[in-house]
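Reviewing the structure listed below.
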Amino acid sequence: MERFGNYGSSTDSKNVAYEIYGDRFHTDQTLYEYLIEFLLIFCSPKSDENNYSEGRMAFHKEGDDLHYFAEIKMGLKRFIFYNASKKTTSIPFDKDAYNYLLEALQKKMDLDSIKTKETVSYLQDLLRGYAVVLKKRSWCAQQTLPICPELIFPEAMPNQKERLKVVGSGDDIKVDSEFEFAQRNFLARGGEVYYLHILQALQNMDESEKEELEYLLSHLLTQQSRKLSMIARFVQDTWIDRLHLTDTQTDLLYQEYNLAWIPADAYGDAGKHTVEELISFLSANIQQINKIEIFAQGLMLQVLRMLYTGACNKAHLRQKPWIIDMSNGNSKNIKKISSRSFRQVEDDFRIAISETVHSKLLDEKETLQRIKDAQKVSLDIFRSKGKEMRCIIPVSGPFERFTLSEDVLRFLVLAIIEPGGKMTLDSFMNKIYQHFNIVVGPKQYRIACQNILQPADAAEANMLEENVKYFQSYLNSIGCLKELSDATSIVMNSYSKVERE
Amino acid sequence: MENEFVKYLNTLHSYNGHNSNAFGEKNYTSKYYDDLMVEVPLCDFIIKQLNDSDPKIIMLTGHAGDGKTSLMYQILKKIGCSFDSESEQFEAVLPSGSKCLCIKDFSEFPDDKKIGIMQKSKDYQNSGNYVFMVANTGPLINSFIGSFDEKQRDEVEGSFIDAMDQNSGNTVIIGGYKLCIINIVKTDNVYFAQEFLNKVINHQAWSQCENCQKKKFCHILRNRNLMLANKDNTFDFIKKHYIWLQEYGKRLTIRNMTQQLAFMFTGGRDCTYMRETEPYLFLYSNLFFGYIGRNIDEDAQKIPAIREAAACKYEEKRLRADEVLFLRDDYDSVFSKEIANIIDLTLKMNGSRNGFNEMFKRMYFFFNMCINHDVDDEDIFSKQFDRYLDLKYTSSKPGNKDTSLIKNALQTIYTGTVSEKSTVLPITLNRESGYTQNVQFVIDDIKLTSIQLKTERKKQSCFDELVVNNDIRIVINKQPLRQEITLPLFDYFEDLKNGVINTNIDAQLSKGIENIKAEILDIVLKDESDDDSVALIVMQENGNYEQRIFSIDDGRIS
């Protein structure tokens, strides 16, 4: 099998899902952590030379070693999350480290004593206000919205037992460096597979597109939040000062990660679409936090497309349409059509997994176990993330089917139509079919049937007319539709375009 | 004796299911058509296009019922060309001697012929001739784009729908062809009501009624006479009602209006029906909303414009005039003698006021003599309605009150409160999805003095140069925002000022606010200073905020 990326050893090479998709998708990675991991790789230095100054805010160049060096920033993370988290799993050194940092910050403020204390607390409230992955995790495993490079953290697991053995005190560098940074439980390589998917596509595209994407991603992380970066940097640098590191210890502030691999032919043309969609989406001037929130959903939609494309390519299947139900439960017919479409898509996942496992000629027990394991990290992720994004409904119960949530539809509009652009509703529905296999109306339904060599059912096609009306009204309700006249609408991206400086 | 004119009015609406003349193309042959024809301001603009020695394809598009074919009829008649109502396409010779291919309704051609007709039009223009085409929008877009090669289609589609959406009246070159695309939906049609009603009430056919034996109790004649006597108030209310609908996204077509306005005289009854009834029943103030007396007429509600009017539920709103109407029962001071008599009679005959208060309010909208438009419009429509109309349709310029409404609204949107002391508007980087951040990061701020409101003539005003129609925009640092301030936005800003938090705001409205924020952000980021000062907003328990500014320099905060 040809591979794209490093030829490193897989963490679980027995799982055939890795053979289909690459190394790897994992169930525990949350929706935001796909985006966080992708952006972490993008903005981290790609080399440890020259004081970690190379390759920040850029994709790997052809011929580069596929690794990156993430700044661990545990001081900043402790400042944001420590005091607001459960302390049952923390060790005393962290409490000391936290207090030392507060003390050091206060010393760096030329304000009166009341204002000094207030300012520290305001900074903490401010940064904590951007928290995004909390769940019931220990403070070190939490995450913020990735709104500036300083607030994108690598994974850190408590590693309590080991740390208790080796950490000397709260202001020893070991208080930070002995966390487990490479377990990949949460930043579990899903964002990395996505990164490799883009990197692979960029190799076959113009250099200018790579530059544009790099510019837009960098713009996303810096333009509106430049001063937020200053605040975060101030906190982290204050902590680094307090640690009084020797020259040889500065390397402990970074953690090296190697990128794994994806099969070279897994995702076909999807990569080109992914890059073009990202460029269009990121070109819109939107409030940064809104943009990041929609980005997280859009990225996940692109990952769902990767999962399905990978399955179909592996088993040489024609991709079935994702017939979405926009009727909000108001049409039993559309519900049935969409639900059948979802089952067909599920079947394709099963076929791809089953064929791959069977080709290994294992005994029956092993075969079943392998199928189960592979489904867990492919089809189950497809289903659970689809449900989390409200693109697959219902959350539980029968008639599982495709639909679109508000944020995902917004992403589709911004990803398909450039800022300031507009197109007819019909063209928009054609485009989302071409890009995502998403079928809304009868016209796309007929094309999809032709593409999968199945006869189009005239009655079903007619039923989808109603779906178009629901879709139209949904687009209208999120403000992306404009009635021209006479039942003709245009879909528009009314945002202005990010101008390159 | 049956009045043919009344019969004609009844063919203009669909109350009885027969509206043979409601469709423009069937209407031209009626002897009353020319009498009631309202000249469309757009007419002169298109004539100018046909006379400008710059051959092009004029594409007139819009909703069904918007009066496109009637407009073609008017134009050809005005320039002395004949309108061939029997043919789908015909050639006219313009006063300049140029040839013009007229396509009466492009949408009516079978699908397989549309591309061919479009190609013929393109060839016509290429040979230095004019084409004047009326078409529904969907088929027009599909056929025009479909007449190009696959490779060109995306680009042609973008330019074509952009021109249609801009509706500037300019001649544009798309795919190598000169086009003037006019989307009638985007032009003002509210003027129609007053001119149409004027023509109806002044029509000579009413003179026949003078000799009719039923004239004393004929509600149709009564409605006509009442409208003559209450013309100003009636026209004013109807105009404002149509503007209100238009502003809130429910623009009516000329056909919709014609149906409602014709029905408000007759109530769907003709001369043969006429019998003595209580006079209040068929008053046009009731018929306009689809009521007969105090009861809703379900059949009338099938007429779209009537349904929309009823849905406004104006009569359920609290008016300041309620006191005079219902506490003091002082009808003589509000209405003419004739109307006051009808009310007296109604109360006497029915013994109780039950259900009549709403009907009296409907009468008040049309027949009120002590005109106090400002107060009534605030109550019936909205507090900002009259001011909005002034800014939009007159040369009135925004004043301090208007600007302060905008400033207060922006402060509330960004910080949740209006700070009397603050001289700046902080632009915050916060999460919006229901997540409260007590400390918010300020990207930058805008001096409140640099925020203004401005009016400028609408682009589409080239279609009717005599009528003032402005766009109202917020200006920040002398830069006008693209987002227009619409009536719903004005009303929303007024709600914010009064502390009304509406959690269920309309999508187009929230999109408008989102656009304003995105544009403000653009301005702020372009002007962002490079200094190291950081500003935060700290929310206080009393709902106000405190702004903290510090600078980070050389690893220290001061």
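The values are calculated or read from the model by the stated rules, or taken from the named source; none is laboratory data. Small disclaimer: the values here were computed from a predicted structure and weren't measured. In this analysis, Cβ positions are derived from the backbone assuming ideal geometry, glycine residues included, and neighbour counts consider all displayed protein chains. All accessible areas refer to the heavy atoms of the entire protein, side chains included, with ligands and DNA or RNA removed. Shrake-Rupley method; radii C 1.70, N 1.55, O 1.52, S 1.80 Å.
Brief remarks follow.
- Test for A:ALA58: is it outside any helix (DSSP H, G or I) and either open to solvent by 30 Å² or more (accessible area, probe 1.4 Å) or at pLDDT 95 or above (or both): yes
- Every pair of residues 6+ apart whose Cβ atoms lie under 7 Å, when the first sits in the range A:298-309 and is touching a residue at least 24 places away in the same chain (Cβ under 8 Å) and open to solvent by less than 10 Å² (accessible area, probe 1.4 Å) while the second is part of a helix (DSSP H, G or I) and among the hydroxyl-bearing types (Ser, Thr, Tyr): A:LEU299/A:TYR34; A:LEU299/A:TYR194; A:MET300/A:TYR34; A:GLN302/A:THR274; A:VAL303/A:TYR34; A:VAL303/A:TYR194; A:LEU307/A:TYR21
- Candidate set: the range A:71-106, residues that are at pLDDT 95 or above and not in a helix (DSSP H, G or I); chosen: the one surrounded by the fewest Cβ atoms within 10 Å (Cβ to Cβ): A:GLU71
- Candidate set: the range A:482-501, residues that are within 17 Å of A:LEU412 (Cβ to Cβ) and more than 9 Å from every other protein chain (Cβ to nearest Cβ); chosen: the one surrounded by the most Cβ atoms within 10 Å (Cβ to Cβ): A:VAL491
- Strands (runs of 3 or more DSSP E) wholly inside the range B:1-110 that include at least 2 residues being out of contact with any Asp or Glu (no Cβ under 8 Å at 6 or more places or on another chain) and crowded, with 19+ Cβ neighbours inside 10 Å: B:57-61
- Residue that is nearest to the other protein chains (Cβ to nearest Cβ) [pool: residues in the range B:134-144 that are in a helix (DSSP H, G or I) and surrounded by 21 or more Cβ atoms within 10 Å (Cβ to Cβ)]: B:THR137
- Residue count for the range B:520-534, restricted to those that are more than 7 Å from chain A (Cβ to nearest Cβ), modelled with pLDDT of 85 or more and part of a helix (DSSP H, G or I): 3.
- Here the condition is being within 14 Å of chain B (Cβ to nearest Cβ) and either modelled with pLDDT of 95 or more or crowded, with 17+ Cβ neighbours inside 10 Å (or both); of A:ASN437, A:ASN462, A:ASN451, A:ASN430, it holds for A:ASN430 alone.
- Of all residue pairs spaced 6 or more apart or on separate chains, those with beta-carbon atoms under 9 Å, a first member in the range A:448-474 that is among the aromatic types (Phe, Trp, Tyr) and a second member that is crowded, with 18+ Cβ neighbours inside 10 Å and in a helix (DSSP H, G or I) are A:TYR470/A:ILE334; A:PHE471/A:LEU409; A:PHE471/A:LEU425; A:PHE471/A:MET429; A:TYR474/A:LEU409.
- Per the listing B:ASN225, B:ASN211, B:ASN230, B:ASN183, the residue uniquely open to solvent by less than 50 Å² (accessible area, probe 1.4 Å) and away from every other protein chain (no Cβ under 14 Å) is B:ASN230.
- In the range A:32-54, the residues that are in a loop (DSSP other than H, G, I, E, B) and charged (D, E, K, R) form Cβ pairs under 6 Å with partners that are modelled with pLDDT of 95 or more and crowded, with 24+ Cβ neighbours inside 10 Å, at six or more places apart or across chains, as follows: A:LYS46/A:TYR68.
- Residue check, A:GLN224 in contact (Cβ under 8 Å) with a residue 40 or more places away in the chain and farther than 30 Å from A:GLU501 by Cβ: no
- For A:VAL166, the criteria (1) over 26 Å from A:LYS61 (Cβ atoms); (2) in contact (Cβ under 8 Å) with a residue 24 or more places away in the chain; (3) open to solvent by 30 Å² or more (accessible area, probe 1.4 Å) hold in every case but one, which is (2).
- 1 or more residues open to solvent by less than 30 Å² (accessible area, probe 1.4 Å) and closer than 22 Å to A:GLN297 by Cβ: qualifying helices (runs of 4 or more DSSP H) within the range A:170-223: A:190-203, A:207-222
- Residue in the range B:472-483 that is touching a residue at least 60 places away in the same chain (Cβ under 8 Å), within 29 Å of A:GLN223 (Cβ to Cβ) and within 28 Å of the chain's Cα centre (by Cα) present: yes
- Of all residues in the range B:535-558, those being in a strand (DSSP E or B), at the interface with chain A (Cβ under 8 Å from one of its Cβ atoms) and free of Cβ contacts under 8 Å to residues at least 40 places away in the same chain number 5.
- Reported count of residues in the range A:394-418, each being open to solvent by 20 Å² or more (accessible area, probe 1.4 Å) and within 14 Å of another protein chain (Cβ to nearest Cβ), is 5.
- Residue within the range A:68-87 that is without any contact (Cβ under 8 Å) to a residue 12 or more places away in the chain and more than 14 Å from every other protein chain (Cβ to nearest Cβ) present: yes
- The range B:300-316, residues that are surrounded by 13 or more Cβ atoms within 10 Å (Cβ to Cβ) and assigned to a loop (DSSP other than H, G, I, E, B): B:ILE303, B:CYS312
- Pairs meeting the criteria (first residue in the range B:264-292 and farther than 16 Å from B:PHE217 by Cβ, second residue open to solvent by 10 Å² or more (accessible area, probe 1.4 Å), beta carbons under 6 Å, at least 6 apart or on different chains) are B:GLY268/B:TYR15; B:GLY268/B:ASN16; B:PHE289/B:ALA310; B:GLY290/B:ASP297; B:GLY290/B:GLN301; B:GLY290/B:ALA310.
- Boolean, B:LEU429 is in contact with a Phe, Trp or Tyr (Cβ under 7 Å, 6 or more places away or on another chain) and free of Cβ contacts under 8 Å to residues at least 24 places away in the same chain: yes
- A:THR144 being within 16 Å of A:LYS73 (Cβ to Cβ) and at pLDDT 90 or above: yes
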